[in-house]
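Before any comments, here is the structure.
The values are calculated or read from the model by the stated rules, or taken from the named source; none is laboratory data. Model, not experiment: these values are computed from the prediction. With ideal geometry, Cβ positions are generated from the backbone for all residues, glycine too; neighbour counts draw on all protein chains shown.
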Amino acid sequence: MTDFEIPAKYKIEEVLKKKEIIELPIAGPHDQPIKVNIGPSHPAMHGTIKMVAELVGETIVNLDVEPGFLHRGMEKTCENRTYLSALPYTDRLNYVSAFINNFGYVGALEELFGIEITERCSWLRTLLAEMSRITDHYTCQAAICSEIGAMTPFLYFMQARDFIWEHFNWLSGARQTYSYARIGGVAKDATKEWLQKAKQILLDNIPLLKDIHGLMDKNRIFLDRMQGVGEISKEDAINAGITGPFLRSTGVAYDVRRAMPYLKYDEVEWEVPVGKYGDNYDRWYVRMREIEESIKICLQCIDKIPEGPVNAEANFAHLPEKTEVYTTIEGLINHFKLVIDGPKPPKGQLYHCVEGANGELGYYLVSDGSGTAYRLHVRPPSFLIMGAIDKIIIGHQLADIIPIFGTVNMIGGECDR
């Protein structure tokens, strides 16, 4: 067998002689930055966000953040709808934890009307709000994992979230946006079977969280991408109006549920988790701890929820039962007036806030005595974080943008101004 001889023109020595070597300039501190458009794309930039980054090499030296628009104008739309028909729009503010939006909105109206909700309703709302907080944190943590390549915990989080969402479907008839709250109550009561199943789902989540902690907490790649990245000081966070897990990661233990207790948060045992450095890892850590605290609150709510009605006796604001509408003229007239004209609160203005999954979610309402809000303004927690995101990212590498932005948990529906 003859040896195969490589033709001279294909030998590596000959190829290298002819190769044109281009020397790329090494970026220095005085080089002219280049501009790069990042987004809008989904999921990394959450659909509507666009960032114009100025780069010197891989380092971000300037950043212009454009939150973008979903073209919905929720606040102005609600000023042209009755108080009752505006309720479904609140679901779409943060569609990952819609119950919290519902309860914050009707809480403002109940304060305006002077309605006191029943004990059972108050415990049930607390339970649903905390289960919503869990699903919101699951979604945020899952996105963070997937964006740095950790697909196993992403799938664990998504599976756990869907168990809860399907359970919400059993209660409300909807999986994600519920329109479940009513002025003075809720659309329908939860059965004993539903509550027991909810308890079992929550208990099943505890070993799941243990597995995720085992996968991520000491993972070298995860720590390198998260620790010391995206830091913000407590002073800067407070000055920017940031609240929620983002603020608590800096060591500030501000939580609306503790600072201005509402529903049943002052009747259950729980802690406010805080971080220390205000970086990506602390924001991850705070949310993981909040999931555990929310599970603790939910289990207490299920054990303590009393029997009784879920709706207050407020015929001037709450739609009557269908049996009453179908069998009495008074019920029919009341239903007709509430649907057409809407409930009419006294004139006045107020601000009512709750602790959303991303921070303080507030509703500012101005009533002129009609069935439609004269002014409705929402304080969206993630929108205020977006006002400071450029300062957090500048100085980091291009590859750090997505993990940092993931820990913001920006929800486009809230940010639609």
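Name every residue in the stretch 361-411 that is more than 30 Å from Leu223 (Cβ to Cβ) and either among the charged types (D, E, K, R) or in the same structural domain as Met45 (by TED's automatic domain parsing) (or both), in order of residue number.
Of everything in the stretch 361-411, those that are more than 30 Å from Leu223 (Cβ to Cβ) and either among the charged types (D, E, K, R) or in the same structural domain as Met45 (by TED's automatic domain parsing) (or both) turn out to be Asp368, Arg375, Arg379.
Would you confirm, using the coordinates I've provided, whether Val256 is in the same structural domain as Leu128 (by TED's automatic domain parsing), surrounded by fewer than 22 Cβ atoms within 10 Å (Cβ to Cβ), at pLDDT 95 or above and closer than 16 Å to Ile238 by Cβ?
Judged against the criteria, Val256 is a match.
Considering only the stretch 89-103, how many residues are under 17 Å from Phe168 (Cβ atoms) and either at pLDDT 95 or above or in a helix (DSSP H, G or I) (or both)?
Adding up the residues that qualify gives 8.
On the given criteria, is Arg375 touching a residue at least 24 places away in the same chain (Cβ under 8 Å) and in contact with a helix residue (DSSP H, G or I) (Cβ under 8 Å, 6 or more places away or on another chain)?
No: the conditions fail for Arg375.
Kindly indicate which of Lys188, Lys264, Lys234, Lys192 is within 21 Å of His137 (Cβ to Cβ) and either of a type in the set (D, E, K, R) or in contact with a Pro (Cβ under 6 Å, 6 or more places away or on another chain) (or both).
Of the residues listed, the single one that is within 21 Å of His137 (Cβ to Cβ) and either of a type in the set (D, E, K, R) or in contact with a Pro (Cβ under 6 Å, 6 or more places away or on another chain) (or both) is Lys264.
Restricting to the stretch 134-193, and then to whatever is under 20 Å from the mean Cα position of the chain (by Cα) and of a type in the set (Lys, Arg), can you tell me which residue is surrounded by the most Cβ atoms within 10 Å (Cβ to Cβ)?
Among residues in the stretch 134-193 that are under 20 Å from the mean Cα position of the chain (by Cα) and of a type in the set (Lys, Arg), the one surrounded by the most Cβ atoms within 10 Å (Cβ to Cβ) is Arg161.
Hey, could you check the stretch 59-88 for residues that are of a type in the set (D, E, K, R) and at pLDDT 90 or above and say which is nearest to the chain's Cα centre (by Cα)?
So the residue we want is Glu75.
With the checklist (1) within 18 Å of the chain's Cα centre (by Cα); (2) within 14 Å of Ser249 (Cα to Cα) in hand, flag the one item Tyr277 doesn't pass.
(1)
Within the stretch 308-342, track down each residue that is under 31 Å from the mean Cα position of the chain (by Cα) and under 17 Å from Cys121 (Cβ atoms).
Hits for the stretch 308-342 are Pro309, Val310, Asn311, Ala312, Ala317, His318, Leu319.
Looking at Asp204, Asp211, Asp217, which one is surrounded by fewer than 16 Cβ atoms within 10 Å (Cβ to Cβ), touching a Pro at 6+ places or on another chain (Cβ under 9 Å) and assigned by TED's automatic domain parsing to the domain that holds Asp136?
Unique residue meeting the criteria: Asp211.
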